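Notes follow the structure.
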Amino acid sequence: MSRILESKEKDNIPTGDKIEISEESRQAFIRAMKIGYYKAFYKQGLLTAEQLEMLIEMNTVQTENAADKNTDNNGNNSPAA
């Protein structure tokens, strides 16, 4: 039985490899977290429905603007942007 435990411990040893995500994914995660906080504040009565909508809209517009930057005039994705 100790062999199984030893084997599992070896498998969990960090190899030094670094997990990376794109900047776009990182920003999308941050926006999602912010919206989650805003909704929690609303549930606690710290924000009105209008304030919540405005904050969500502000974060959604940022997402759409980022998507627009990666699209050329013909609506095609341009990954080089």
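Read-outs throughout are calculated quantities, based only on the coordinates presented, and are distinct from any laboratory measurement. Small disclaimer: the values here were computed from a predicted structure and weren't measured. Note that we place each Cβ from the backbone using ideal geometry, even for glycine, and neighbour counts take in every protein chain shown.
Between PHE41 and GLN27, the simple label model (points 7 Å from Cα in the Cβ direction) yields a spacing of 2.1 nm.
Put simply, when 31-38, 43-50, 18-25 are sorted by average Cβ atoms within 10 angstrom per residue, most first, you get 31-38, 43-50, 18-25.
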